[in-house]
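Inspection log for the structure reproduced underneath, given as structure tokens.
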Amino acid sequence: MVKINTPSENVSLLFLFYSFLKIGATSFGGFMALISVVQKKLSGKNRLITDDVILDGISLASVLPGPVAFNVIIYIGYTLRGIKGALVSMLGILLPSFIFMIVLSMVYVEYGQLPVLTNFFKGVLPSVVAIIVAVAFNMAKKQIKDVKQIWICLASIVALFLIKSILSTFIIITAGGLVGYFLYRKSVKREDVVTNKQTPNRKQLIVFLGLVLALGLILVFMPLIVSGSLRQDIIVQRELMLTFSGISVTLFGGGYVIIPAMQEIIVTGLQWLTEREFADSIAMGQLTPGPIFISATFIGFKVGGLLGAITSTLSIFVPPMMVMILVSEFFDKIKESKPIKAAFKGLRPAVIGMILSAAFTMGKSMSISWFTVVIFLAVLVASARFKIDVIYLIPISGILGILFFNFL
């Protein structure tokens, strides 16, 4: 019998919330950057989870709708503490970026430009790329055991650059799983596994899903029983809820994939924003920590004020969270079967390849200078060799970016 050494019984909800709150406040750069910070904090430093849990979460999230990094956070929270852990993790990871975005939205409405934050991000970007590289190589050392997995990892990197499709991650994950199954199906063994995941209270899960559905239905039908300005306000919130919840559960591949579709809906169809405003909302989503989907907060603020920002944020994150929780419950029951274990021997190196590809893609967007090279190398050494916390590395890099590009 094999026991996974994950001390989840010692993880309080308060500690889980605080951990993701810190991660959410410092994880600039989007999907793989956020995942890299999670790995450094929860797997590398605190050892609350194994790299297997993170890679399994990425594999599962990559074939489900909604923001990939956010779905991985939900998977980790649910694995550690069930439905309560998922909710606490969601609140912790979203609260900093939501507050950042609200402040930026107010400043943007007042002044229309944010040059200081742009320079902050110029310092953050090489730092984030270095952290992603360090995490990817650390995972590769633990997960890639033979030559076949090395080839799967390399093939994943090449495929991600060759496949020009919104389904590229889905295709790579599926192909990695199939290759793993056919290569390893005869060599893996089924083992009895004892995890420390707390058995979720099914009643709590049903109550949560029922409550979310009931609130949604109330918002849909409330305009029928009220009138005047209140009715118009509710209609605005209803439209925001239906629009963003529809986007979140029908689009796959993460934040950057949904940008064209969101632009078509928000700008061309509903005409809530101009082309410039939409582009600025995406830029602000990149400048704030956390998932790039947080751009929905700005759109909701522009359309429906503070309440609209809350509605849009919840609408784009809660539906995929519900899907992730339901699929995670099913997945947990089958992941130790021989076919699934064989598939994951191909999936995990494929995911590591995707992480390395993300570092390269983000690196291409940097303007290469002695400053970016120095920041990249310094953070790479500090993270990989000296294990310095990313909570210090990323903000310091951003501050140096402001100082360098503003005053030097």
Handout entry: Checklist (1) modelled with pLDDT of 80 or more; (2) part of a helix (DSSP H, G or I); (3) closer than 30 Å to Lys145 by Cα applied to Ile49, failing item
Key = (2)
Handout entry: Whichever residue in region 142-184 is at pLDDT below 85 and of a type in the set (Lys, Arg) and, among such residues, is nearest to Phe344 (Cα to Cα)
Key = Lys142
Practice task
Tell me which of these Pro395 doesn't satisfy, since it passes every other one: (1) buried (at least 17 other Cβ atoms within 10 Å of the Cβ); (2) over 22 Å from the mean Cα position of the chain (by Cα).
Solution key: (2)
Practice task
Select, from Leu91, Leu104, Leu125, the only residue that is closer than 18 Å to Ser19 by Cβ and of a type in the set (A, V, I, L, M).
Solution key: Leu91
Problem - Every residue from region 261-310 that is at negative phi and of a type in the set (Gly, Ala, Ser) - result: Ala261, Gly269, Ala279, Ser281, Ala283, Gly285, Ser295, Ala296, Gly300, Gly304, Gly308, Ala309
Exercise for the section: Could you tell me which of the residues Ile23, Ile93 is closer than 28 Å to Ser168 by Cα and either modelled with pLDDT of 90 or more or surrounded by fewer than 20 Cβ atoms within 10 Å (Cβ to Cβ) (or both)? Expected result: Ile93
Practice task
Kindly check whether there is at least one residue in region 332-342 that is over 26 Å from Val158 (Cα atoms), touching a strand residue (DSSP E or B) at 6+ places or on another chain (Cβ under 9 Å) and not in a helix (DSSP H, G or I).
Solution key: yes
Problem - All helices (runs of 4 or more DSSP H) inside region 63-165 with 3 or more residues being in contact with a helix residue (DSSP H, G or I) (Cβ under 6 Å, 6 or more places away or on another chain) and acidic (Asp, Glu) - result: none
Exercise for the section: For region 69-81, indicate whether the set of residues that are under 27 Å from Arg276 (Cα atoms) and either hydroxyl-bearing (Ser, Thr, Tyr) or assigned by TED's automatic domain parsing to the domain that holds Val351 (or both) is non-empty. Expected result: yes
Practice task
Output the residues belonging to region 356-370 that are surrounded by 18 or more Cβ atoms within 10 Å (Cβ to Cβ) and either free of Cβ contacts under 8 Å to residues at least 12 places away in the same chain or not assigned by TED's automatic domain parsing to the domain that holds Leu400 (or both).
Solution key: none
Problem - Condition met for Gly57 (without any contact (Cβ under 8 Å) to a residue 24 or more places away in the chain and within 13 Å of the chain's Cα centre (by Cα)) - result: yes
Practice task
Being of a type in the set (Gly, Ala, Ser) and over 16 Å from Ala33 (Cα atoms) is the filter; apply it to region 67-88 and report the residue that is surrounded by the fewest Cβ atoms within 10 Å (Cβ to Cβ).
Solution key: Gly82
Fill in the blank from the handout: Flagged in region 371-400 as free of Cβ contacts under 8 Å to residues at least 40 places away in the same chain and not in a helix (DSSP H, G or I), in numbering order, are Arg385, Phe386, Ile388
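The values are calculated or read from the model by the stated rules, or taken from the named source; none is laboratory data. Worth saying up front: this structure is predicted, and the values here are computed from it rather than measured. Positions of Cβ are generated from backbone atoms using ideal geometry, with glycine treated the same way; all protein chains shown enter the neighbour counts.
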